[in-house]
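These notes concern the structure reproduced below.
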Amino acid sequence: MAKENTENNHFTKNNQDEWLEIIMSDYGDRLKKLAFSYLKDWGLAQDVVQEVFVTCYNQYDKGSEIRYFKAWIYRITINRCKDMLKSSFLKRYYFNNNLLKHFINKDLSPEERLVLKNEKEKLSQTVLSLPVKYREVIIIFYYEEMTITEIAELLAINENTVKTRLNRGRILVKKILGGSELYGRTIE
Amino acid sequence: MEEQLSNLKRAMDDTVYKGNHFSEEDKVKIRSAIKHPHKKNRLEWFPKLLTVAVFIGCIIFITDLTKKNINSSDKPSQLEQRNGTKTEEQRNNEDNWVRKTAIKKVLEQEFTGPDEKLVDLLSNPKYRTVVNNMEENQELDKYLAEVYGPYFADFSRIEAFIGAFGGTKYQSFAYMNGYKLSLKNITIEQENILYRYTFIAKVGYQKNGDEEKTASVEGEVVFSTKEKEEGKILGFQYVNDNGLSNILSSNN
């Protein structure tokens, strides 16, 4: 994906409040979905996005030092999500939610079962069910359509590590879905 | 299945990501959070508050527990009182103390004096009455019950002590021959059989302002094992007085 040449203009144009409105419109939905891919809860994703925009607002003065705004705002979103995942509170939250899901799934209606059989739903849920380190590279690569280099920079990991995780992520998806070939997009 | 992952974006947008998830309401919340920075996110304070509360609770619990342990190790008797139970060893110690006190009291009565009231009751015929051809001395019995009663299991034991095992004889001898008696020291030992005790009493005797002399009187005491008679004497006898009764009974 090509870099946005004008992305650092976010910090140079308009006053602080207008700028906040612009970045909320541009990134609000994308960041919330990104946060959801980590946290699997829209309420928690909203909390993260709110914190990210508050951080952006407070860092407005340092805007000129930020070269690539998209990479920067994605990075702080991802880091905040990972912080949340580490917290014991979230683990408890997940535990309770998973328990709840377990009971709810037992009583799925036939219509709901049909929906789950839907291929797109299956694929989405499969990707979301992956461990975080595979899930994030798969989603950023396939959904956000970033390059291996961009992902390596964003996640602060080696490019080869990104490739390895992508391959293992694919294998896991394949195993879960029971398919044989999943290579829709090449790495290089 | 080949194109599945390359279609991930479309698949997610059509399913889990379907629709716009960042509403105007979310924007209002963010603006409000920026305007009122003191309002912390619930996820920020809740786990911290919970952790602090649990931590403080643990500290209080541990402190309380430690205090209880220190108290219980320092004052076992208090713990017993709270629990209403006593250990075997503590029961034995208490019994031992009660029995030794009984021996001490009897020996004090025996070797302090002479007890003129006792001697008067013993020797003065005016206290004696005959009932059904049996001589009685109710005043004496009353006095004996008063001074020895608290330490003996029953009155028959006191009668046996006085009639057969030398009780009150030292008082009588001392009175008759003008000796003064004083108890200097008592050593009491518990035998292997827990309700049997031996004693050695160092008794001072003096006559006519002469220098006071001492003699060791040895004896043994048996206590009742019945619950109702706990700490009460069944038998009290002198075993060896090292010649004290001879000295006191002599006129010289």
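A short reminder: the numbers here are calculations on the coordinates, not readings from a lab. For clarity, every value in this text was computed on a predicted model and none was experimentally measured. All Cβ positions, glycine included, derive from the backbone under ideal geometry; neighbour counts span all protein chains shown.
With a length cut of 24 Å (Cα positions projected on each helix's long axis) and a Kyte-Doolittle mean of at least 0.0, go through chain B and give me the DSSP H helices that pass.
B:42-74
Using Cα pairs under 8 angstrom and six or more residues apart, how large is the relative contact order of the stretch A:7-86, in percent?
On the way: 64 pairs, mean separation 33.2, N = 80.
About 41 percent, as a whole number.
Could you calculate the FRET efficiency of A:Ile22 with B:Val52 from 1/(1 + (r/R0)^6), where r is the beta carbon distance between them and R0 is 45 Å, rounded to 0.05?
Plugging the Cβ-Cβ distance into 1/(1 + (r/R0)^6) gives 0.70.
Tell me the Kirkwood hydrodynamic radius of chain B in angstroms, computed as one over the mean inverse distance between distinct C-alpha pairs.
Working: mean 1/r = 0.0387 Å⁻¹.
In chain B this quantity evaluates to 25.8 Å.
With the crude spin-label approximation of a point 7 Å out along Cα→Cβ, what separation in nm comes out for B:Arg128 versus A:Ser87?
10.4 nm
So what's the back-of-envelope 222 nm ellipticity for chain B, counting only DSSP H runs of four-plus at -39500 (n - 2.57) apiece and dividing by all residues, rounded to 500?
-15500 deg cm²/dmol
Restricting to Cα pairs below 8 Å that are 6+ residues apart, what does the relative contact order work out to for chain B? Please round to a whole percent.
14 percent
Once fully extended, how much extra length lies between B:Ser249 and B:Glu139, figured as 0.36 nm per residue of separation less the alpha-carbon to alpha-carbon distance?
Computed gain between B:Ser249 and B:Glu139 is 37.1 nm.
Calculate the spin-label point distance for B:Ile193 paired with A:Lys62, positioning each point 7 Å from the Cα along the beta-carbon direction, and give it in nanometres.
According to this spin-label approximation, the distance is 9.4 nm.
Can you tell me the order of B:56-68, A:149-161 when each peptide is scored by its average per-residue count of other Cβ atoms within 10 angstrom, highest first?
Sorting B:56-68, A:149-161 by mean packing, highest first, produces A:149-161, B:56-68.
If the limit is 19 Å between Cα atoms, which of A:Lys133/A:Lys163; B:Lys117/B:Lys184; B:Lys105/B:Lys207; A:Lys40/B:Lys29; A:Lys33/B:Lys48 go over it?
Distance filter (> 19 Å) returns B:Lys117/B:Lys184; B:Lys105/B:Lys207; A:Lys40/B:Lys29; A:Lys33/B:Lys48.
Once the Cβ-Cβ distance between B:Asn208 and B:Asp154 is put in as r, and R0 is 35 Å, what FRET efficiency do you end up with, to the nearest 0.05?
0.30
Hey, got the dipole for the stretch B:90-249? About the Cα centre, +1 on K and R Cβ, -1 on D and E Cβ, debye to the nearest 20?
160 debye
Can you tell me the FRET efficiency between B:Asn20 and A:Ala71 if r is taken as the Cβ-Cβ distance and R0 is 25 Å, rounded to the nearest 0.05?
It comes to 0.60.
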